[in-house]
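Every read-out reported here was derived from the displayed coordinates using simple, explicitly stated rules and does not represent laboratory data. Not measured: the values here are computed from a predicted model. Every residue, glycine among them, receives a Cβ derived from its backbone with ideal geometry; neighbour counts consider all protein chains shown.
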């Protein structure tokens with residue numbers, strides 16, 4: 001009886017703290033936006049994210065899952081492992097086959113790496129700590145092609161590729177930091193294989209190879225696509241919950257300067273906080289205007305939303321080549337990791353390591369931006 005009363009006493013303060021935090025957060029939002037507008041904005045933002053972001057990501061997962069399965073089935077993975085092993089090991093401490101994940105996320109989005117990771121034959125190349133770090137590795141290249149093409153379309157040509165180099169440096173930092181954090185927390189993961197293929201599964205692989213070319217092609221496409229659907233469903237909670245709150249604290253009022261309960265409105269707390277330390281961003285990133293801080297903050301939740309800020313920045317004359325290089329680097333490296341890391345690690349079965357992944361990737365994104373800034377200064381110096 002005494003032990004039970006002690007447990008109840010220990011649990012009671014945590015419940016009070018939970019209520020206080022929830023009341024503080026929602027009370028703050030409601031005091032600025034109004035309670036009806038806050039609730040409407042939350043629901044409409046989550047609904048729009050579901051329709052226009054989650055289903056889009058699911059379609060990416062289906063297509064990349066099919067392509068990844070196809071590459072695994074017909075030996076492309078083995079070929080990449082042999083060709084890129086000398087590069088991947090010293091830079092990222094990953095097997096060469098991981099480069100396939102970088103290519104697929106570069107062409108599509110972050111969750112593509114998870115579609116690939118769910119393939120058992122792909123996972124056999126990794127130790128457990130390397131396998132977990134794929135979340136950071138793949139995210140650093142997410143939507144890279146879209147970001148670069150968009151920046152080139154704005155009339156900048158060298159800057160986006162300087163940003164790409166910065167993103168690669170940030171990826172190295174983020175991936176290796178994550179591996180360090182994982183091994184420090186779970187030393188056994190350094191020697192444990194990510195997955196073990198049973199004799200039955202190995203026999204199934206051999207049996208699969210004996211099928212006709214057409215059947216192997218069809219099975220690979222359909223099985224990979226089916227796995228993509230499962231991953232697409234798994235990311236729904238993380239995207240809707242995390243992204244909605246990031247956007248509530250990032251965006252401001254509607255176009256008319258008022259709150260009307262529309263999607264993607266908010267209280268602009270994150271930009272306000274960032275402006276308080278604007279001198280740091282000017283030194284690290286070379287930003288000449290405090291409004292530019294909105295891009296990396298928005299990229300925390302969604303790089304697509306961050307890109308939509310660039311034309312407005314250009315019209316005000318706030319953007320130069322340095323800013324585009326930094327935008328490209330941090331947009332690629334972060335690419336909405338706050339909204340996807342939770343879901344990605346959850347789908348891999350390592351939800352408890354999410355804080356470590358987010359911390360490692362935060363540092364990696366900052367490294368990417370700093371490298372892009374100084375890389376652009378070097379480019380300007382050489383071009384003179």
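Data for the structure
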| item | result |
| --- | --- |
| Sum of -39500 (n - 2.57) over DSSP H runs of 4+, divided by residues of the chain (222 nm, nearest 500) | -24000 deg cm²/dmol |
| Packing-based order for 239-245, 269-275, using average beta carbon neighbours within 10 Å, highest first | 239-245, 269-275 |
| Alpha-carbon centroids, the stretch 141-190 and the stretch 267-320: separation in whole Å | 19 |
| Taking the stretch 288-372 and dividing mean pair separation by its residue count, relative contact order in percent (alpha carbons under 8 Å, at least six apart) | 34 |
| For the chain: relative contact order, % (alpha-carbon pairs under 8 angstrom, 6 or more apart) | 25 |
| Descending semi-axes in whole angstrom, ellipsoid equivalent of the stretch 34-383, from the Cα gyration tensor | 35, 24, 18 |
| Histogram of C-alpha separations across the stretch 309-384, 10 Å bin width, % | 18, 35, 28, 15, 5, 0 |
| Fewest-first ranking of 354, 175, 342, using other Cβ atoms within 10 Å as the exposure measure | 354, 342, 175 |
| Relative frequency of Cα-Cα separations exceeding 20 Å in the stretch 236-384, percent | 51 |
| Mean Cβ count within 10 Å, highest first, over the residues of peptides 148-160, 249-261, 356-368, 325-337 | 325-337, 356-368, 148-160, 249-261 |
| Calculated FRET efficiency for the pair residue 315/residue 377, C-beta based, R₀ 30 Å, to 0.05 | 0.75 |
